[in-house]
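Student: Have a look at the structure that comes next, please.
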Amino acid sequence: KVAFETRDIIDDLVVTTKENEKLFFQMKRTVSLTKSEDSDFYKAINQFVRQYIQDGTSVNYYILVTTSNASNPIKNEIRKILESIRLNPLTFIENPLNNSEKSSFNRFKSIIREIYHSATSKNMTEQQFLDFASKVVISILDIEDGMAFEKSVLTAIYGKINTKSPQFFWSFLISTSLSFASNRVSVLCNELKDKWKDYLDKPKERISKEEVVGELFSLVLNEEGFSIGKDVVLVEGNEELGE
């Protein structure tokens with residue numbers, strides 16, 4: 001289930017899995033690592049901590065989605081440290097950190113402990129901090145018009161829809177999502193599939209690799225004497241897309 005603008009503490013977007021796990025999303029176009037209570041980052045972490053306190057010993061995750069416009073301490077240093085904690089919460093601190101990473105981590109930890117104490121009047125234990133930090137994810141999503149991740153999405157969905165224009169289907173998804181958000185509704189996965197049935201009925205096996213490559217990389221020139229250079233970069237699959 002996908003729920004938009006919910007009554008939860010973290011309210012931008014909540015995804016519920018088949019196993020009844022919840023992924024809470026908070027969206028911020030740009031954030032910086034500051035202890036100012038008026039900052040978007042502080043507000044997001046404040047919501048994460050209070051949701052964590054309310055959830056107790058759940059397996060829920062708290063995801064801050066931002067863009068590459070976020071400050072380097074957040075999009076690089078804190079993001080890296082949180083990934084390290086998820087991989088090995090017991091010994092992550094043994095991983096070498098430079099001075100800048102240590103400073104960012106200490107500020108991040110200080111913010112979390114301050115918010116926790118404010119909400120509970122108790123000091124957060126080291127184990128509680130590690131448990132909380134292992135559930136926090138920072139995701140860089142450059143998905144606005146013309147940005148890199150949007151191009152990755154268009155490439156990924158090309159072979160899964162029965163239209164020659166992935167841009168059309170992508171625009172349809174965005175307008176549908178905006179409608180859901182403005183009306184504060186929730187929707188089941190099966191309902192979405194049914195809603196998009198006309199676009200998704202094309203079997204994958206009917207799409208050849210040659211058709212995908214031809215559509216994305218073909219170049220036709222209709223005039224003589226026009227010089228052009230073109231680079232094609234081939235990369236491995238995108239982990240965030242699961243491709």
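Student: Look at the range 148-163 and say how many of its residues are in contact (Cβ under 8 Å) with a residue 60 or more places away in the chain and open to solvent by 50 Å² or more (accessible area, probe 1.4 Å).
Tutor: Of the residues in the range 148-163, 1 are in contact (Cβ under 8 Å) with a residue 60 or more places away in the chain and open to solvent by 50 Å² or more (accessible area, probe 1.4 Å).
Student: Could you name every one of the helices (runs of 4 or more DSSP H) located completely within the range 164-243 that has at least 2 residues being modelled with pLDDT of 80 or more, within 30 Å of Leu13 (Cα to Cα) and open to solvent by less than 50 Å² (accessible area, probe 1.4 Å)?
Tutor: 166-182
Student: Of the residues in the range 81-121, how many are at pLDDT 90 or above, of a type in the set (Lys, Arg) and open to solvent by 80 Å² or more (accessible area, probe 1.4 Å)?
Tutor: Number of matching residues: 1.
The values are calculated or read from the model by the stated rules, or taken from the named source; none is laboratory data. From a predicted model like this one, the values you see are computed outputs, not experimental measurements. Backbone-built Cβ (ideal geometry, glycine too); neighbour counts: all protein chains shown. Only protein heavy atoms, including side chains, enter the accessible area calculation; ligands, DNA and RNA are left aside. Shrake-Rupley method; radii C 1.70, N 1.55, O 1.52, S 1.80 Å.
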